[in-house]
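Worksheet: one structure, shown below.
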Amino acid sequence: MYMPKHFDEPRPEAMHALMRERPLATLVALTTRGLEANHIPLLVDPEPGPFGTLRGHVARGNPLWRDFNAGIEALAVFTGPDAYITPSWYPGKKVDGKVVPTWNYATVHAKGKLIVHDDPAWLRPHLEQLVATHEASFPKPWKVSDAPDDYVAKMIGAVVGIEIPIHSLVGKWKMSQNRAEADRASVVQGLRALGDEMSGEVATLVAKG
């Protein structure tokens with residue numbers, strides 16, 4: 001990933017936070033059919049340090065778990081908030097017009113060797129953790145044990161676990177750090193005026209610097 005120095009976010013804790021907030025990753029792997037991209041919710045475990053481990057699962061019918069190239073690292077891309085930035089927000093537009101549009105975004109790229117777990121003893125705890133994580137905000141969280149045991153066993157048999165010990169973790173926060181303070185303040189104001197949640201999240205990141 002192209003990385004100008006002012007957009008680099010090197011802190012594992014900041015990258016892990018984005019990965020938890022936006023867990024649906026694009027997992028890219030080299031297979032016998034060439035590069036394949038799958039969209040998979042992945043849990044990040046900070047251990048072992050410094051980058052941690054990703055865990056998820058795919059449908060048994062998904063050929064990824066059978067024919068990925070075990071010698072080549074897979075790439076998981078996590079996409080954070082993003083927004084179009086109009087040059088109309090820059091004070092310089094009224095001075096000399098030498099401004100152009102851009103796009104602000106935050107993203108994390110995690111790389112590592114993909115490991116397959118075709119084992120109910122691995123899958124059940126993983127699925128329970130996945131469910132507990134994403135049900136936590138509901139008034140009455142659903143649990144795996146709420147479903148009949150025979151049904152749960154059938155569903156577990158329909159998926160295969162995947163694990164990626166992270167070898168490389170790169171974060172890019174392109175949030176107007178290359179602009180003058182007046183431009184940044186104007187971008188924050190313009191984004192917040194849009195009133196939608198995503199623009200507000202980008203405005204917060206721009207304001208943080």
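Observations, loosely collected:
- Residue list for the range 89-124, restricted to those being surrounded by fewer than 13 Cβ atoms within 10 Å (Cβ to Cβ), at pLDDT 95 or above and assigned to a helix (DSSP H, G or I): ALA121
- Hey, THR133 closer than 26 Å to VAL202 by Cβ and part of a helix (DSSP H, G or I) or not: yes
- Test set (1) out of contact with any Asp or Glu (no Cβ under 7 Å at 6 or more places or on another chain); (2) touching a residue at least 24 places away in the same chain (Cβ under 8 Å) - LYS172 fails condition number: (1)
- Residue-level check: of (1) polar (S, T, N, Q); (2) surrounded by 13 or more Cβ atoms within 10 Å (Cβ to Cβ); (3) over 16 Å from the mean Cα position of the chain (by Cα), THR79 misses just (3).
- Being farther than 30 Å from GLY209 by Cα, assigned to a strand (DSSP E or B) and under 25 Å from the mean Cα position of the chain (by Cα) is a description that applies to GLY161.
- Qualifying residue in the range 76-87 (condition: free of Cβ contacts under 8 Å to residues at least 60 places away in the same chain and farther than 30 Å from GLN129 by Cβ): yes
- Pairs linking a residue in the range 132-159 that is closer than 18 Å to PRO120 by Cα to a residue that is in a loop (DSSP other than H, G, I, E, B), with Cβ atoms under 7 Å and 6 or more positions apart or on different chains, are ALA158/ARG60; VAL159/ARG60.
- Test: residue in the range 59-76 that is of a type in the set (Phe, Trp, Tyr) and within 15 Å of the chain's Cα centre (by Cα): no
- Of the candidates ILE72, ILE40, the single residue that is at pLDDT 95 or above, in a strand (DSSP E or B) and either of a type outside the set (Gly, Ala, Ser) or surrounded by fewer than 18 Cβ atoms within 10 Å (Cβ to Cβ) (or both) is ILE40.
The values are calculated or read from the model by the stated rules, or taken from the named source; none is laboratory data. In this text, all values refer to a predicted model and were calculated from it rather than measured experimentally. With ideal geometry, Cβ positions are generated from the backbone for all residues, glycine too; neighbour counts draw on all protein chains shown.
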